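These notes are about the structure you will find just below.
Where a number appears in this text, it was derived from the coordinates with a stated rule and is not lab data. Note that the structure is predicted; figures quoted are calculated from it, not measured. Positions of Cβ are generated from backbone atoms using ideal geometry, with glycine treated the same way; all protein chains shown enter the neighbour counts.
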């Protein structure tokens, strides 16, 4: 019976590998190597590059297998090309696993107890958790015995620019002009993007996976994957404006 699902998103430092290393540490400590009881979702194609050869998710799977994590425990999701996309497409993978586990069970009190564990670096966790809950909370209506767990990995690298993002006076300026963040400061740019997603969540009142699908369809890289009418004004989407600025710089 499935008990635990671990979610590891792409975009980690590929030298230090803080997320996958933390996953390995946790699985070994808990001795979770039974593919019937434990699944691992590794998620991510490449940052806004649908034509990239291979994917971050497959690279993570290869790394985990080399570290003796059973291959049949690992599920690859390689449609997501950013943090939100990785969460959203992983949601559908996990939703399928939960429905499959429930089978024909109709009584909520005997639904299986399943914990979904999100692993991200410490400095991403607060904002990541908020976005995760927005997308995944519908699983609780599907199965009230689903629980969420958030596991912090070590920070893979320094944050030279937004080292104290709550007090930094530059944050408001960066929200209006993301290019104030140096091009080589990947971590600060990603932190800023998470902040912008949270602003857009409030602006557009994003509440369900369907809402987030429509939201992502504003980006051209997702339009061939996510079909449907655009429901939001791209000019009001802070995240989309910043993504386009970063892609062009």
Query - Centroid-to-centroid separation of segment 78-97 and segment 1-27 [C-alpha atoms, Å] - result: 15 Å
Query raised in the report: When the chain is fully extended, how far beyond the present Cα-Cα distance does residue 205 get from residue 154, taking 0.36 nm per residue of separation?
Result: 15.1 nm
Query - Degrees, to the nearest 10: 56-66 long Cα axis against longest axis of the chain - result: 40 degrees
Query raised in the report: In degrees, nearest 10, range 0 to 90: what is the angle between the Cα axis of helix 83-102 and the longest Cα principal axis of the chain?
Result: 20 degrees
Report task. Return the distance in nm (one decimal) between the two label points of a simple spin-label model at residue 113 and residue 138, each offset 7 Å from Cα along Cα→Cβ. Result -> 2.7 nm
Query raised in the report: To the nearest 500 deg cm²/dmol, what mean residue ellipticity at 222 nm is calculated for the chain from DSSP H runs of n ≥ 4 alone, each contributing -39,500 (n - 2.57), summed and divided by the residues?
Result: -13500 deg cm²/dmol
**Report entry** Net lengthening on full extension, residue 96/residue 224 (0.36 nm per residue, minus Cα-Cα)
**Finding:** 43.9 nm
Query raised in the report: Where in segment 194-210 does the amide nitrogen come within less than 17 Å of the point 7 Å from the Cα of residue 235, taken along Cα to Cβ?
Result: 204
Query raised in the report: Quick one: if you stick a label point 7 Å off each Cα along the C-beta vector at residue 129 and residue 28, how many nm between them?
Result: 2.7 nm
